[in-house]
Structures are given as structure tokens and as C-alpha cells.
Amino acid sequence: YDEIEKNLHLVDFEKLIKNSIKSGEHRLSIRYYYLFLLKKMSEKGIIEWDVEKTNSDYIYEIKSADLKANFEYLSYLYNYIWYGEFDVTPQEFEKAKKAFDSTIQSIY
């Protein structure tokens with residue numbers, strides 16, 4: 001995982017997400033979605049990516065109130081699912097996936 005974070009801008013997250021969903025690795029998919037979101041926000045100049053920054057650091061950088069609220073929610077989901085090491089039901093994963101997809105699309 002460290003290599004992915006160090007080379008965030010070189011990673012094809014869409015491919016990683018697709019493959020992890022296909023193999024049923026929902027927790028890993030959420031991690032990839034979160035890193036993909038950070039990559040997109042960084043590419044658009046919304047945040048300045050740094051592997052050492054926290055989610056709170058990024059929240060302060062986001063100017064758009066809507067995006068800030070979405071990012072706070074997605075950060076909560078990511079922390080709960082990834083660091084909590086909980087199994088994610090298919091329904092929970094679909095809900096999280098829709099939230100990530102919607103926010104990432106809004107950044108394009």
C-alpha cells in the first residue's frame with residue numbers, strides 16, 4: 001500500500017477498483033476509491049497531496065462547502081471500513097460506492 005500512496009499520480013485507480021470489486025475485496029475497493037478521490041482533488045488543485053497529511057488537513061484545504069461535506073462523509077466511511085476492519089455487506093458497499101462515484105464525478 002505504501003508504494004501506491006508514494007506514487008499516487010501514477011496509479012490507475014479505475015483498474016484497481018474494478019479488479020478489487022471483481023474479486024470481492026470490498027474493503028480494499030473502498031481504500032482505492034479514497035485514494036482515487038485524493039488523486040482527483042489533487043489534480044484539480046482542490047488539495048495539495050502529501051502522504052503525511054491527515055484527512056483533517058485536506059478538509060481545511062477544500063473551499064467548496066458541498067465538496068467539503070462529501071469529503072467529510074467519505075473520510076468517515078473510509079476510516080470506518082478500512083481501519084475498523086469490518087466486513088462490508090454488499091448493500092453497504094453499494095451505498096459507499098455510489099457516494100464515492102458521485103463525488104469523484106463531480107470533480108471532473
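Brief remarks follow.
- Matching helices (runs of 4 or more DSSP H) fully within region 1-59 where at least 3 residues are among the aliphatic types (A, V, I, L, M) and modelled with pLDDT of 95 or more: 13-22, 26-43
- Identity of the residue in region 70-108, under 13 Å from PHE36 (Cβ atoms) and open to solvent by 80 Å² or more (accessible area, probe 1.4 Å), that ends up nearest to the chain's Cα centre (by Cα): GLN105
The values are calculated or read from the model by the stated rules, or taken from the named source; none is laboratory data. Bear in mind the structure is a predicted one, so any value in this text is a computation, not a measurement. As a convention, Cβ positions derive from the backbone with ideal geometry for all residues, glycine included, and neighbour counts pool all protein chains shown. The accessibility values were calculated without ligands, DNA or RNA, using every heavy atom of the protein model including side chains. Shrake-Rupley method; radii C 1.70, N 1.55, O 1.52, S 1.80 Å.
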